[in-house]
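I have placed the structure first, in the form of structure tokens, so that the comments after it can refer back to it.
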Amino acid sequence: MEFESAVFEDETRRLHYVSMGDHDKPLMLCLHGFPEYWGAWRDIMPHLARTFRVVAPDQRGFGRSFKPEGVEAYQTWHLVKDINALADYLSPDEPFVLFGHDWGSAVAYAYAFGRPERLRALVVANGVHPHTFQKAIIDDPRQRAASQYMRFLRSEGAAATMRENDFARTLNMIAGFSKADWMSNEDRKAYLEAWGGDGTMEAMLNWYRASPVVVPPVSQPAEEVAEKVPVYDISPEAMTVRVPHLVVWGEDDEALRPVCLEGLERFAGDLTVERISGSGHWVLHEQPQRVADAVKQWLSSRSL
């Protein structure tokens, strides 16, 4: 099997995507996070494509997809509409499996909240539900400390800093989230190419700036923060996953602590958590075969 590159375009968006697997197989749509691009799925796609048509887009602002200007263009509802349009193009009549990692999980959760009838299942790898993540940032000192990088990425001038010295700070961030010995010279070259377009880093960082997630300073008391958190104004019913839900979790993640999973069962009645020891945030790169096997076995056991 080979990777196939294509573009979906309508009157409001242009999304580059890469696919693998027979076109008559069920769709699995895979959403990358920061600071990646469709290549986040390069290692795992061959394993999943034996069962599915696996499609990994560059989300807006990333890679070879369109990069609208302004923070507002990266609010979650825009990101969800992108995926909705792409999914309707790829699989207009059949429900599909949605698989998100990191920021891609945020989009996947939001899509699942609003369009459960379109999904066979929701799979997340080292990504977080908006409510449990926000609660962990406020209440758990280790998670709040681990999330301080978000404050920097939202700051003025962050894009220039992330581009300096051939993207040294960006590469260091990848290594800081968990081990990055999976990154070959070829991978590094591909990432630098994905990050190098005009305005690309600014667009990528706009995902953080548009997010309603509140990251207070480490020293601010939790009780002062909770009253100002937008996600707490949303009813639990509006943030409920109404399809079978699998979370694959690399336990050595330095960016997202295990506390982020606490209370998830409140928002997902049909929940399975598969923990993978010896792997971290980049579990898709570190253990692609193991993750793929876990996903396929779970889907098979549920006849999904």
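Take residue 187 and tell me if it is in a helix (DSSP H, G or I), surrounded by fewer than 19 Cβ atoms within 10 Å (Cβ to Cβ) and touching a Gly at 6+ places or on another chain (Cβ under 8 Å).
Values: in a helix (DSSP H, G or I): yes; surrounded by fewer than 19 Cβ atoms within 10 Å (Cβ to Cβ): yes; touching a Gly at 6+ places or on another chain (Cβ under 8 Å): yes.
In short, yes.
Okay, residues lined up against (1) touching a Leu at 6+ places or on another chain (Cβ under 7 Å); (2) modelled with pLDDT under 95; (3) in a helix (DSSP H, G or I); (4) surrounded by fewer than 19 Cβ atoms within 10 Å (Cβ to Cβ):
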site: 128; (1), (2), (3), (4): yes, no, no, no
site: 137; (1), (2), (3), (4): no, no, yes, no
site: 194; (1), (2), (3), (4): no, no, yes, no
site: 198; (1), (2), (3), (4): no, yes, no, yes
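Please pick out the residue among 34, 3 that is modelled with pLDDT of 95 or more and either in contact with a strand residue (DSSP E or B) (Cβ under 7 Å, 6 or more places away or on another chain) or more than 17 Å from residue 206 (Cβ to Cβ) (or both).
Just a single option satisfies the conditions, and that option is 3.
Would you mind finding the one in 33, 39 that is part of a loop (DSSP other than H, G, I, E, B) and either within 20 Å of residue 297 (Cα to Cα) or in contact (Cβ under 8 Å) with a residue 40 or more places away in the chain (or both)?
33
In the list 155, 178, 219, 184, which residue meets the criterion of being within 23 Å of residue 69 (Cβ to Cβ), out of contact with any Leu (no Cβ under 8 Å at 6 or more places or on another chain) and among the hydroxyl-bearing types (Ser, Thr, Tyr)?
Answer to the selection: 155.
So, of the residues in region 35-84 that are among the hydrophobic types (A, V, I, L, M, F, W, C), more than 18 Å from the chain's Cα centre (by Cα) and within 19 Å of residue 98 (Cβ to Cβ), which turns out to be surrounded by the most Cβ atoms within 10 Å (Cβ to Cβ)?
Selected residue: 52.
Just to be sure I understand the filter: pairs with C-beta atoms under 8 Å, separated by 6 or more residues or on different chains, first member in region 291-302 and surrounded by 15 or more Cβ atoms within 10 Å (Cβ to Cβ), second member outside any helix (DSSP H, G or I) and small (Gly, Ala, Ser). Which pairs pass?
291/125; 299/121
One line per residue, one yes/no per condition, for (1) under 21 Å from residue 138 (Cβ atoms); (2) out of contact with any strand residue (DSSP E or B) (no Cβ under 8 Å at 6 or more places or on another chain); (3) of a type outside the set (Lys, Arg):
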residue: 171; (1), (2), (3): no, yes, yes
residue: 187; (1), (2), (3): no, yes, yes
residue: 204; (1), (2), (3): no, yes, yes
residue: 221; (1), (2), (3): yes, yes, yes
residue: 236; (1), (2), (3): yes, yes, yes
residue: 246; (1), (2), (3): no, no, yes
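Out of all the residues in region 143-150, is one or more part of a loop (DSSP other than H, G, I, E, B) and surrounded by fewer than 18 Cβ atoms within 10 Å (Cβ to Cβ)?
Among the residues of region 143-150, at least one is part of a loop (DSSP other than H, G, I, E, B) and surrounded by fewer than 18 Cβ atoms within 10 Å (Cβ to Cβ), which makes the answer yes.
Which numbered condition trips up residue 247, out of (1) under 25 Å from residue 123 (Cα atoms); (2) among the hydrophobic types (A, V, I, L, M, F, W, C); (3) in a helix (DSSP H, G or I); (4) touching a Gly at 6+ places or on another chain (Cβ under 9 Å)?
(3)
Inside region 153-178, can you point out the residues that are in contact (Cβ under 8 Å) with a residue 40 or more places away in the chain, part of a helix (DSSP H, G or I) and within 23 Å of residue 285 (Cα to Cα)?
Listed by number, the residues that qualify are 162, 170, 173, 174, 176, 177.
Rundown of residues vs (1) among the aliphatic types (A, V, I, L, M); (2) assigned to a helix (DSSP H, G or I), yes/no style:
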residue	(1), (2)
73	yes, yes
77	no, yes
83	yes, yes
86	yes, yes
92	no, no
99	no, no
104	no, yes
107	yes, yes
111	no, yes
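The values are calculated or read from the model by the stated rules, or taken from the named source; none is laboratory data. Source: prediction; values computed, not measured. Counting neighbours? That spans all protein chains shown, and the Cβs are built from the backbone with ideal geometry, glycine included.
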